[in-house]
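Novice: One structure coming up, written as structure tokens, with questions to follow.
What follows is calculated from the coordinates using simple rules that are stated; it is not laboratory data. Not measured: the values here are computed from a predicted model. All Cβ positions, even for glycine, are placed from backbone atoms using ideal geometry, and neighbour counts span all protein chains on display.
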Amino acid sequence: MGQKGPRFAVSISVTPIAGALGAEIGDVNVADDLDDDTIADIRRALLDHQVIFFRDQTLDVERHKSFTRAFGELFVHPNFQFGQENPEIVYVRREPGDEKILGQGWHADTTMMAKPPMGAILYAMEVPPTGGDTLFANQYLAYEALSAGMKRLLEPLHAVHNDTRVAGPNLDLNDKRASQVRDDENWRPTENLHPVVRIHPETGQKHLFVNPIYVHRFDGMTEAESQPLLNYLYDHAVRPEFTCRFSWRRGSIAFWDNRCTLHLAVHDSHDHVRHMQRTQIA
Ligand code: SIN
């Protein structure tokens with residue numbers, strides 16, 4: 001599935017930002033009570049462009065949650081639970097001096113779950129004057145560009161996804177970044193298998209579904225046996241012609257389809273704060 005021009009949308013404007021994926025949505029204030037046609041147009045734009053962006057929005061926690069609920073149930077991320085008032089909200093915060101940031105490697109979100117979230121809605125509250133962009137990669141295009149032989153090889157494979165690289169007491173992430181994650185002794189890893197090639201439940205199109213943050217090996221193989229092919233797929237999946245890059249402004253929103261994209265937060269905010277508020281859709 002390649003990039004398409006605007007279609008179907010009647011109530012919003014849809015302007016692609018790159019050849020591979022990504023479109024900016026205009027003529028909508030997402031904090032309003034949106035009617036069914038507008039929600040359907042936004043969902044259509046998401047399916048057509050894999051990630052969509054809004055500018056100059058104002059979202060408090062309640063409005064962020066209600067906009068998210070228009071597309072499905074709110075997902076509660078198990079690794080960001082600290083007894084806070086709004087368990088569905090994750091703050092992606094970067095402070096000057098942070099050695100690491102949340103999301104700095106290519107990934108789809110939370111793929112250790114049996115049913116990973118379908119999408120995420122990230123809202124920018126404070127952004128650096130330059131830097132701090134987010135990259136996205138279209139995994140339909142990544143799948144389509146593989147040879148017929150590689151597609152046949154991958155078709156029966158499942159990958160083992162777990163969260164041991166991103167949470168738990170054995171990591172030192174919380175010492176290196178402002179975005180905190182569960183690292184208590186009661187934390188337990190979550191592990192699930194997913195097909196390496198998945199069929200998108202809404203578009204019916206095949207896409208690649210592996211990422212270097214959560215995947216450890218192919219089911220039935222060792223890590224050493226799996227790694228060469230996984231490394232090939234990780235490089236292939238993010239070839240520049242499958243990507244787009246979004247530069248944030250305060251009040252910007254990115255809404256990505258987590259089933260058929262990968263993303264990466266660029267770690268170049270230097271001396272500046274970057275503060276984002278994220279929801280996920282179950
Ligand atoms: C994430 O991986 O959800 C965060 C992306 C970003 O901060 O740009």
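Novice: If you add up the charges near GLU73, with Lys and Arg at +1 and Asp and Glu at -1, over every other residue whose beta carbon is less than 14 angstrom from its beta carbon, what do you get?
Specialist: Overall, the nearby charge balance is +2.
Novice: Can you list the lysines whose alpha carbon sits under 18 Å from that of LYS206, skipping same-chain ones fewer than 8 residues off?
Specialist: Hits, sequence-local ones excluded: LYS4, LYS115, LYS151.
Novice: So, in nm, how far is label ASP35 from label ALA145 when the simple model puts each one 7 Å beyond its Cα toward the Cβ?
Specialist: The two pseudo-label positions are separated by 4.1 nm.
Novice: Which of these, ALA70, ALA108, ALA45, has the largest mean-square fluctuation under a Gaussian network model of the chain (Cα springs below 10 Å)?
Specialist: Maximum among the listed residues: ALA70.
Novice: Let me ask something additional. Please report, ordered by residue number, every helix of the chain (full DSSP H runs) that is 15 Å or longer along its axis going by C-alpha atoms and whose mean Kyte-Doolittle hydropathy reaches -1.0. Don't skip to the answer; put the middle values down first.
Specialist: Numbers: long enough: 36-49 (19 Å, -0.48); 223-237 (20 Å, -0.71).
Sorted by number, the helices that extend far enough and score high enough are 36-49, 223-237.
Novice: In percent, how large is the relative contact order of the chain, given Cα pairs closer than 8 Å and 6 or more residues apart?
Specialist: Numbers: 626 pairs, mean separation 95.8, N = 282.
It rounds to 34 percent for the chain.
Novice: Students often forget the sequence filter, so: which lysines lie under 21 Å Cα-Cα from LYS176 once same-chain residues fewer than 8 apart are removed?
Specialist: Within the straight-line limit of under 21 Å, LYS176 reaches these lysines: LYS100.
Novice: Taking 0.36 nm per intervening residue step and subtracting the Cα-Cα distance, what contour gain separates THR58 from GLU225 on full extension?
Specialist: Between THR58 and GLU225, full extension yields an extra 55.3 nm.
Novice: Quick check on packing: order 147-159, 189-201 by the mean number of other C-beta atoms within 10 Å, highest mean leading.
Specialist: Sorting 147-159, 189-201 by mean packing, highest first, produces 189-201, 147-159.
Novice: While we're looking at this one, here's another question. For region 67-135, run through the chymotrypsin sites (Phe, Trp or Tyr not before Pro) and keep only the ones in DSSP coil with at most 10 other Cβ atoms within 10 Å of their Cβ.
Specialist: PHE82
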